[in-house]
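Everything on this sheet refers to the single structure shown next.
The values are calculated or read from the model by the stated rules, or taken from the named source; none is laboratory data. Note that the structure is predicted; figures quoted are calculated from it, not measured. Reconstructed Cβ throughout: ideal geometry from the backbone, glycine too, with neighbour counts over all protein chains shown. Ligands, DNA and RNA are excluded from the accessible area calculation, which covers all protein heavy atoms including side chains. Shrake-Rupley method; radii C 1.70, N 1.55, O 1.52, S 1.80 Å.
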Amino acid sequence: MEVFCLGLSHQTADVATRERFAFADHELAACSGELGRRPELGEALILSTCNRVELYAAAPDSATGFAAIEAFLAARAALEPGDLKFFYRRHGAAAVRHLFRVASGLESMVLGETEILGQVKRAYNLAAGSGATSRHLNKLFQRAFNVAKEVRTKTNITRGPVSAGSVAVDLAEKIFGRLRACRVMILGAGETSESTARALMARGAHGIFVSNRSFERALVLAEETRGEAIGFEHWHERFEDIDILISSTAAPHMIVTPEKLGRAMRRRGNRPVFIIDLAVPRDVDPAVNDLDGVYLYDIDALQDIAAQSLAIRRHELAECERLIERHVGEFSGWLANGCSAHRLPQTPVGVTLGTQAS
């Protein structure tokens, strides 16, 4: 049995391409299950975040398996031959190594970021819950969680800004200077919004509005930030009061449009507003950048800011990679030796995840 991965990321495709192939959170379990039931595949799992879409599988033959995944994408997102240049293929030890690096934050836009581990765990739990994973992917992902924890606890790779939200706040600070006097609106109340809110508070921001489709979740985040919750259908009515809008919802379509902002900008006398769109698919129509006084940055625009913090962590990479290679060798040996459980050494740093088959 071989394990393999087909994927694209911020390193290979821009945000417009990534959003074409993105999976909404509510689709992950069903789509992983659908993919795993294909006769060419034995197991499957789909990981979809703002910076990557990756489809993992286990099958007797990786070439046939890759073809099955491409057929799945073609049926879902009209995959065309020209799109394949954006995708990378990993199989065997290369796929194991890639997943370990992803879970450890070494493939992230912000090197060492910690949110990705939670996203990988969620993708695994959804796929396992749908019956899409079994012995091989269960062992692979459980080992990935152990590796990521070991990397975080035994190195300093997480020093400095460690999330897209914190990088967005860095960018806001570069433009506005001190954020204490700025009024900020956050659209969305998920993990990215939470990390953004925490970063804003750490930089002294006080006037924070939170708007989300679930008003209850908006209330929780607003209370945490000592801010104000706003009904999602009314966020644009408070737009004239803010200096910064940071959006990270799970909406399948754009919610911040020139039509909505045009009227709001006239009410605010075209006073400049700074917008950061962290969502994939994007929340903000790129056309809003044509409005006077609107300055829009999407997730790809944060890469230059993220690169500046790379130097802080670069010297930690060698130790991270040494740890990962040890685990790659152990897992690859387990696969090569017929998946005998006693031949897979257990790392002392563990994560217990339910009772799925192993």
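Here are a few things to note about the model shown:
- All told, Leu117 falls short of being closer than 25 Å to Ala318 by Cβ, in contact with a Lys or Arg (Cβ under 7 Å, 6 or more places away or on another chain) and either open to solvent by less than 20 Å² (accessible area, probe 1.4 Å) or free of Cβ contacts under 8 Å to residues at least 60 places away in the same chain (or both).
- Residue ID - modelled with the lowest pLDDT, chosen from residues in segment 163-195 that are closer than 14 Å to Ile305 by Cβ and among the polar types (S, T, N, Q): Ser163
- Set side by side, the residues Asp292, Asp285, Asp298, Asp277 differ, and just one is at negative phi and surrounded by fewer than 18 Cβ atoms within 10 Å (Cβ to Cβ), which is Asp292.
- Among the residues of segment 29-51, those identified as open to solvent by less than 10 Å² (accessible area, probe 1.4 Å) and within 13 Å of the chain's Cα centre (by Cα) are Ile46, Leu47.
- Of the numbered criteria (1) closer than 27 Å to Gly333 by Cα; (2) at pLDDT 95 or above; (3) open to solvent by 50 Å² or more (accessible area, probe 1.4 Å); (4) of a type in the set (A, V, I, L, M), the one Ala68 fails is (3).
- Test: residue in segment 315-333 that is farther than 23 Å from His91 by Cβ, at pLDDT 85 or above and surrounded by 15 or more Cβ atoms within 10 Å (Cβ to Cβ): yes
- Single residue of segment 120-157 satisfying the filter (of a type in the set (Ser, Thr, Tyr) and under 26 Å from Arg313 (Cα atoms)) that is least open to solvent (accessible area, probe 1.4 Å): Thr155
- Selection from segment 1-28 of residues that are open to solvent by 30 Å² or more (accessible area, probe 1.4 Å) and of a type in the set (Gly, Ala, Ser): Ala16
- Residues of segment 233-249 classified as in contact (Cβ under 8 Å) with a residue 40 or more places away in the chain and either surrounded by fewer than 15 Cβ atoms within 10 Å (Cβ to Cβ) or not in a loop (DSSP other than H, G, I, E, B) (or both), total: 8
- Every residue from segment 32-66 that is of a type in the set (A, V, I, L, M, F, W, C) and within 19 Å of His136 (Cβ to Cβ): Leu35, Leu41, Ala44, Leu45, Ile46, Leu47, Leu55, Ala57, Ala58, Ala59, Ala63, Phe66
- Restricting segment 194-219 to residues that are closer than 22 Å to Leu117 by Cβ, free of Cβ contacts under 8 Å to residues at least 60 places away in the same chain and not charged (D, E, K, R), the residue that is most open to solvent (accessible area, probe 1.4 Å): Ala202
- Taking residues in segment 258-272 that are farther than 18 Å from Val284 by Cα, and partners anywhere that are surrounded by 15 or more Cβ atoms within 10 Å (Cβ to Cβ), the pairs with Cβ atoms closer than 7 Å and at least 6 places apart or on different chains are Arg267/Glu240; Arg268/Glu240.
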